[in-house]
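Take a look at the structure set out below.
The values are calculated or read from the model by the stated rules, or taken from the named source; none is laboratory data. Quick caveat: nothing in here was measured; it's all calculated off a predicted structure. We place every Cβ from the backbone using ideal geometry, glycine too, and count neighbours over all the protein chains shown. Remember, those area values only see protein heavy atoms, side chains included, never the ligands or the DNA or RNA. Shrake-Rupley method; radii C 1.70, N 1.55, O 1.52, S 1.80 Å.
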Amino acid sequence: MAAALEEYAELFAMTGGDAFRVRSYQKAAKAIAGFPEDIASVPVRSVPGVGEAIAKKVEEYLGRGSFRQLDDLRGKVPEGVRRLTRVPSLGPKKAVLLFQELGIDSPEALAEAIKAGGLKGVKGFGAKTEENLLRGIEQMERANTRVHTGVAMGLAERIIASLEDRAERIAYAGSLRRMRDTVGDIDILAVAPETLMEVFKAQPYVAEVIASGGKKTSIRTPEGVQVDLRLVPAESWGAGLQYFTGSQAHNVHLREIVVKKGWKLSEYGLFDGERVIAAGSEEEIYRALGMDWVPPALREDGGEIQAALKGGLPALVTVDDLKGDLHTHTDLTDGIASLEDMVAAAHARGHSYYAVTDHAPDLAMHRMTLEKALTQREQIRQLQGKYPDMRILHGSELNIGPDGSVDWPAEILSGFDVCVASIHSHFGQPREEMTRRLIAACENPHVHVIGHPTTRLIGKRPQVDADWDAVFRAAARTGTAMEIDSFPDRADLPADLVRLARHHGVRFSIDSDAHAVPHLANQRFGVGTAQRGWLTPEDVINTWPLDRLLGFLNG
DNA sequence: GCCGTTTTCGGCCCGACTGTTTTCAGTCG
């Protein structure tokens, strides 16, 4: 439904529709996408941003998979013309102009027309524009440039390191600060003289300068990632950080509140006419608006503004709240570090418990046997003496077979302290089978945690198809935790499903799924996903003290 | 098309950069 409204908004804009109505459709699409319940099962008018007219469209859509007005506009605007607006620097106005004047109906046709010199004489299209459009089309044809947080974070930290000597302050903002699981570009904010722009453009990670002025420079790295560097005056640091952290939807909503007060909010500050109300820190700005400071991970206009106005924001789980890790590997199966090294590294992180969960026999290439598992258990018992302040739990990562069964029989499973059960094959099962499979795993009394529940690999493998409402109901009923696998290319559960699961009363485990010592640090990414799903420490079993965790595992 | 501790009608976020224009529209975030 959200995709259909999004498409309608775009087509409506292209056919000259009123810009404010376009925004209404976009807002409704976003609100529906982020709504924690199935919109088919609640009065759709209860979704904020959905009024009478959109509710009607929703109703028709739920009945037959489309609505009349959408069908009409699809008939008017060829699919390829819609794709034209995906070309960077080409928006709805120019796309429609090209279609009407020259019959250009796809990015491919546009490239041909430019090469044949065919844009001459169309108003607003000069030589420079033609060049930019051609480059944009080539860019579009290359692999998608969204990268997952692991890649983006590494790049951002490298960029900051290359500039921080010459900047009074510098930090990353944007979707990376909001801990999105993928980012389309990296936003760096700095307080520095304008000469920093020249330093920036001369860096080895700059493949192309897209735009450059005194306050903003955009570049592209050799990997195709866009990086924006913005300068703000020192006194506007907080306003700049707030502004460039976004999201756009959050900022738009915030400014509607600002405008009603007769004030103005920009990257330079919160103003009453010429008078500065707040600018130095984000906290001052939110406080001046009568709100609690909103953690970046919540800034998606998904109800956080209303909550912040009422002082009702959740106290989000943080990295410091984590007391352990319940899903890790050693070189007994597919890890690369020894049991001793992994445990020592976990202890150095300050954990008060740590589970070793090597694979079970079903994943034949890892050659696990009962004998090996029992030997490992004995090794752990001996190692425990070295770490009196950290409980080492002996666990297993079981494989969930196509029928929902797991690899070891009950009498062996009961010997483990913790069992994580995950899907590793048969990803393409039909929805009903996949749903039954996951529910069967939840109902297994020896299974404590469902590992990387959707099995997605960002950019490589899609989520499995399941009725998640049904799965989460089963998980809540059986007291089975859903994992948030912290590997940055997994981020699994994804944040939207985390929020849905929480709505059903599910508990979570934020695990590293480490296969090597450095992977233990990935939990920070999992915490980001948890925060985006509005989780508090109460929701996350590995923030609980050892006694309470053991009660959960034995319960 | 939506919404209301200023409004049920009249508003709806703000600024930087580019390219093309002679003062600004389009695009982007």
With a 10 Å radius around each residue's Cβ, average the other Cβ atoms per peptide and rank A:220-226, A:93-99, A:531-537, highest first. A:531-537, A:93-99, A:220-226
Using only the alpha-carbon atoms of region A:152-200 as identical scatterers, what base-10 log of I(q)/I(0) does the Debye formula give at q = 0.13 Å⁻¹? -0.29
Sites matching trypsin sites (Lys or Arg not before Pro) across region A:441-489 that sit in DSSP coil, with at most 15 neighbouring C-beta atoms within 10 Å: A:LYS460
Could you tell me the relative contact order of chain A? Use alpha-carbon pairs under 8 Å, at least six residues apart, and round to a whole percent. 10
Taking the alpha-carbon set of region A:147-231, what are its Rg and Dmax in Å? 11.7, 33
Given the peptides A:394-400, A:329-335, arrange them by the average over their residues of other C-beta atoms within 10 Å, most packed first. A:394-400, A:329-335
At q = 0.12 Å⁻¹, what log₁₀ I(q)/I(0) does region A:1-142 have when each alpha carbon counts as one equal point scatterer in the Debye sum? -0.56
Percentage, to the nearest whole number, of Cα pairs in region A:197-279 over 22 Å apart: 40
Simple spin-label estimate for A:ARG377/A:SER414, 7 Å along Cα→Cβ, in nm, reads 1.2
Using alpha-carbon positions, what is the distance between the centroids of region A:436-460 and region A:493-552, in Å? 14
Which of the GluC sites (Glu not before Pro) across region A:427-465 are loop residues per DSSP, with 12 or fewer other Cβ within 10 Å? none
Run a plain Debye calculation on region A:460-507 (Cα atoms as equal point scatterers, no solvent) and give log10 I(q)/I(0) at q = 0.13, 0.15, 0.26, 0.32 Å⁻¹, rounded to two decimals, same order as the q list. -0.29, -0.38, -1.01, -1.26
Per-pair calculated FRET efficiency, R0 = 60 Å: A:ARG367 and A:LYS264 via Cβ, rounded to 0.05: 0.35
Quick check: convex hull of the Cα atoms in region A:319-554, volume per residue, rounded to a whole Å³? 108
For the peptides A:198-204, A:2-8, what is the packing order when you average, over each peptide's residues, the other Cβ atoms within 10 Å and list the highest mean first? A:2-8, A:198-204
May I ask you to compute the full-extension gain from A:THR15 to A:ASP331, defined as 0.36 nm times their residue separation minus their alpha-carbon distance, rounded to one decimal in nm? 107.8 nm
Please compute, for the alpha-carbon atoms of region A:364-458, the extent along each of the three principal axes and give them in descending order in Å. 48, 26, 26
For region A:225-356, what is the relative contact order in percent, using Cα pairs closer than 8 Å and at least 6 residues apart in sequence? 19
Cα shape, region A:482-528, gyration tensor, a/c 1.5 rule: prolate
Based on Cα positions only, what radius of gyration and what Dmax would you give for region A:274-387, in angstroms? 23.3, 76
Just the accessible area per residue of chain A, please: how many Å² with a 1.4 Å probe? 44
Quote the Stokes-Einstein diffusion coefficient, in whole µm² s⁻¹, for region A:120-275, based on the Kirkwood radius over alpha carbon pairs, a temperature of 4 °C and a viscosity of 1.567 mPa s. 76
Given a cut-off of 45 Å, what percent of all Cα-Cα pairs of chain A lie beyond it? 23
Between A:ASP272 and A:VAL42, what FRET efficiency comes out of the Förster formula 1/(1 + (r/R0)^6) with R0 = 35 Å and r the beta carbon distance, rounded to 0.05? 0.30
Inverse of mean 1/r across different Cα pairs in region A:414-555, Kirkwood, Å: 15.0
So the carbon and sulfur contribution to the accessible area of region A:319-554, 1.4 Å probe, in percent, is 51
Given the convex hull over the Cα atoms of region A:69-115, what projected area results after averaging over all orientations, in nm²? 3.2
Spread of Cα-to-Cα distances over 5 Å intervals beginning at zero, given as percent, for region A:236-309: 4, 18, 32, 31, 12, 3, 0
Using a Förster distance of 60 Å, how high is the FRET efficiency between A:LEU97 and A:ALA348, based on the Cβ-Cβ distance and rounded to 0.05? 0.45
